[in-house]
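Novice: Structure below; questions to follow.
The values are calculated or read from the model by the stated rules, or taken from the named source; none is laboratory data. Source: prediction; values computed, not measured. Don't worry about glycine lacking a Cβ; one is built from the backbone with ideal geometry, like all the others, and counts go over all protein chains shown. Areas reflect the complete protein model, heavy atoms only, side chains present, ligands, DNA and RNA absent. Shrake-Rupley method; radii C 1.70, N 1.55, O 1.52, S 1.80 Å.
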Amino acid sequence: MLDLLVHDATLPDGRGGMSIAVQDGRIAEVTVGLHAPAHETLDAQGLLVAPHFVDPHFHMDATLSYGLPRVNQSGTLLEGIALWGELKPLLTAEALIERAMAYCDWAVAKGLLAIRTHVDTSDPSLLAVDALLEVKKRVAPYLTLQLVAFPQDGVLRTPGGVDSLKRALDKGVDVVGGIPHFERTMAEGAASVKLLCELAAERDLPVDMHCDESDDPLSRHIETLAFEAQRLGLQGRVTGSHCTSMHSMDNYYVSKLLPLIAEAGVGVVANPLINITLQGRHDTYPRRRGMTRVPELMAQGVNVAFGHDCVMDPWYGMGSGDMLEVAHMGLHVAQMTSQQGIRQCFDAVTANAAKVLGLSGYGLEAGCDASFVLLQARDSVEAIRLRAPRLKVWRQGRLLAETPAATAALHLPGRPAATGWMQPRT
């Protein structure tokens, strides 16, 4: 007997009337109109069932710290970095764990069951590293948490920065991070990319670097990252995050850069909510959007995903852990409003993001983990438009969260008693 059988589901690829059979935490079969005995049967009523959401770029050590010790009055990246420097001496492991655990609750409720979070290694005490390793252990039964050793203040710029990062990796941090554009010179930035990629190759670890989070078109560390990925045989295991300077680069240089990134097997993570907020701050008008060239990268065959980056922290006072909000902003900033473009933005917070994390067993096929979400939408386009409620969230066949359907009661003569914002069937 099956553990769970979902009937009449619509899948992100457009197939409708699908049945999803679950046994022992895995998908046993996905087919049309399957009838079999099951402990639990659910009629999806034609609504969308999608693999769980994935956030490939986040900062959980800072999340939900908004207002501590003060509010970022300018809302700028540099004040946010300065504010984080003020907050770090005041951090306690207990408070950091409490905030991170609360955020993980939010994430699960939104169907977000895998997160790659950067954790600051610039503090030699590694307090945040130890705290997030504890969080990773606590949430493991219901959420996959990957940690990136992130030298926020620059691995070469910070005294003992290399040693602190290595100690974080020794403790069990999963990924080598970096921030080359924040080193003191372009040369030191390039040197940090080389050093950190060699360290990753030596330890057989993935790489995920904040790369060129700048409006400066001459900030070109993504080129060095792609070169080092090829030189060291790290293809498919390296990610450049942000890459916002690409929005300001001239088209001729980018025409050379994009094939290099693709050939090196380097993935790119854009962070639409934060990129549109923090970039272009030195512009008057016309004002640059500041997000990397998402459709152009995708057209070149580069795996592009969207991250949330920040939620209620020194850099960003908004957010709720909703990856559909991220996709919604992404399609607007990148002008990806074609039907194909909107679906690509849905992929950017599901399948593409899962590829960044190297998740095994991800998807809606036989043999995959039975970790999926029922949304109050009929397809991925409608899901993004509505930031659709996650009606049910399962992890390996176990129900983790439920949200009531969004409806509004109406008191209008001659009109329906309620509306739910879904496009009427014709």
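Novice: What trypsin sites (Lys or Arg not before Pro) does the stretch 235-300 have in DSSP loop regions with at most 13 other beta carbons within 10 Å?
Specialist: Passing both the DSSP loop test and the Cβ count: Arg287.
Novice: Would you mind putting 381-390, 22-31 in packing order, based on average other-beta-carbon counts within 10 Å, highest first?
Specialist: The densest-packed peptide leads the list: 381-390, 22-31.
Novice: Between Asp322 and residues 5 or more places away or on another chain, which pairs have amide H atoms under 5 Å apart, with H built 1.01 Å from N, and which residues are they?
Specialist: none
Novice: Springs between alpha-carbon pairs under 10 angstrom, Gaussian network model over the chain: which of Ala93, Ala353, Ala270 fluctuates most?
Specialist: Sorting by GNM fluctuation, first place goes to Ala93.
Novice: So, one more: Computed over the Cα atoms of the stretch 184-303, what is the ratio Rg over Rh, Rh following Kirkwood?
Specialist: Radius of gyration relative to Kirkwood radius: 0.97.
Novice: What's the whole-number percent of alpha carbon pairs in the stretch 94-216 lying beyond 19 angstrom? Please list the in-between numbers first.
Specialist: Details: 3595 of 7503 pairs.
Value for the stretch 94-216: 48 percent of Cα pairs lie more than 19 Å apart.
Novice: Still on this structure, I have one more. Per 10 Å bin, what is the whole-percent P(r) computed from every C-alpha pair distance within the chain?
Specialist: 5, 22, 31, 25, 13, 4, 1, 0
Novice: Next question, about the same structure. Rounded to whole Hz and in sequence order, give me ³J(HN,Hα) for the stretch 348-356 from the Karplus expression 6.51 cos²θ - 1.76 cosθ + 1.60, θ = phi - 60°, writing x for Gly and Pro.
Specialist: 5, 10, 10, 4, 5, 5, 4, 5, 4
Novice: Let me ask another. Apply the Karplus curve 6.51 cos²θ - 1.76 cosθ + 1.60, θ = phi - 60°, to the phi angles in the stretch 414-420 and return the couplings in whole Hz, x for Gly and Pro.
Specialist: So the J values, rounded to whole Hz, are x, 10, x, 6, 8, 9, x.
Novice: Now a separate question. Starting from the amide H of Asp153, placed 1.01 Å from N in the peptide plane, find each other amide H under 5 Å away whose residue is 5 or more places distant or on another chain.
Specialist: When sequence neighbours closer than 5 places are left aside, the close amide H contacts are Ser122.
Novice: Between beta-carbons, use under 13 Å as the cut-off and find the net charge around His59, counting Lys and Arg +1, Asp and Glu -1.
Specialist: On the way: positive: Lys88, Arg99, Arg116; negative: Asp55, Asp61, Asp120, Asp208, Glu213, Asp309, Asp313.
Every neighbour counted, the sum reads -4.
Novice: So what is log10(I(q)/I(0)) for the stretch 16-152 at q = 0.08, 0.16, 0.20 1/Å, when the Debye sum runs over its Cα atoms only?
Specialist: Log-scaled intensity ratios, in q order: -0.33, -0.86, -1.18.
Novice: Under 12 Å between alpha carbons, and skipping anything fewer than 8 positions from Lys256 in its own chain: which aspartates and glutamates qualify?
Specialist: Glu223
Novice: Right, another one. May I ask what percent, to the nearest 5, of DSSP beta bridges between residues of the chain are antiparallel?
Specialist: 40
Novice: Identify which of Leu410, Leu257, Leu113 has the largest mean-square fluctuation in a Gaussian network model of the chain, with springs joining Cα atoms closer than 10 Å.
Specialist: Its mean-square fluctuation being the largest, the pick is Leu410.
Novice: So, one more: Of all DSSP beta bridges located in the stretch 5-129, what percent are antiparallel, nearest 5?
Specialist: So the antiparallel bridges in the stretch 5-129 amount to around 55 percent.
Novice: Can you give me the relative contact order of the stretch 104-227 as a percent, contacts being Cα pairs under 8 Å and 6 or more apart?
Specialist: Computed over the stretch 104-227, the figure is 21 percent.
Novice: Here is a further query. Can you give me the long-range amide H partners of Ala114? Hydrogens built in the peptide plane at 1.01 Å from N, cutoff under 5 Å, separation of 5 or more residues or another chain.
Specialist: Under 5 Å from the amide H of Ala114 lie the amide H atoms of Asp55, Thr144, each far enough along the sequence or on another chain.
Novice: Write down, largest first, the equivalent ellipsoid semi-axes of the stretch 324-363 in whole Å, where each equals the square root of 5 times an eigenvalue of the alpha-carbon gyration tensor.
Specialist: 21, 10, 7
Novice: Just list whichever of Lys88/Lys392; Lys137/Lys194; Lys137/Lys355 have alpha carbons separated by over 28 Å in the model shown.
Specialist: Among Lys88/Lys392; Lys137/Lys194; Lys137/Lys355, the Cα-Cα distance tops 28 Å for Lys88/Lys392; Lys137/Lys194.
Novice: Please state the relative contact order of the chain as a whole percent: Cα pairs under 8 Å, 6+ residues apart? Display every interim value, and only then the final one.
Specialist: On the way: 970 pairs, mean separation 78.4, N = 426.
So the answer I get is 18 percent.
Novice: Separate question: Can you say what percent of the DSSP beta bridges in the stretch 1-62, counting only those with both residues inside, are antiparallel? Round to 5. Let's see the in-between values first.
Specialist: Values: 10 of 16 bridges.
The antiparallel proportion sits near 60 percent.
Novice: Still on this model: Starting from a Cα-only point model with no solvent, please compute log10 I(q)/I(0) by Debye for the stretch 294-374 at q = 0.12, 0.20, 0.22 1/Å.
Specialist: -0.40, -0.99, -1.11
Novice: How large is the convex hull of the Cα atoms of the stretch 369-426 per residue, expressed in Å³ as a whole number? Walk me through the numbers on the way to the answer.
Specialist: Working: hull volume 5.6 nm³, N = 58.
So the per-residue Cα hull volume is 97 Å³.
Novice: While we're here: Determine, at each q value in 0.13, 0.18, 0.19 (inverse angstroms), the log₁₀ of I(q)/I(0) that the Debye formula gives when each Cα of the stretch 281-415 is one equal point scatterer.
Specialist: -0.70, -1.19, -1.28
Novice: Next question, about the same structure. What's the angle, to the nearest 10 degrees (0 to 90), between helix 127-139's Cα axis and the longest principal axis of the chain?
Specialist: Taking Cα atoms only, the helix is inclined about 20 degrees.
Novice: How big is the Kirkwood radius of the stretch 17-65, worked out from every pair of different alpha carbons and given in Å to one decimal?
Specialist: It is 14.0 Å.
Novice: So, with a 1.4 angstrom probe, what is the percent of accessible area on the chain that is carbon and sulfur? All intermediate terms of the calculation are to be shown ahead of the outcome.
Specialist: Numbers: 9120 of 17250 Å².
Taking all protein chains in place, the chain shows 53 percent carbon and sulfur surface.
Novice: When N counts the residues of the stretch 164-237, how does its alpha-carbon radius of gyration compare numerically with 2.2 N^0.38 Å, as a ratio?
Specialist: Working it through for the stretch 164-237, the quotient is 1.07.
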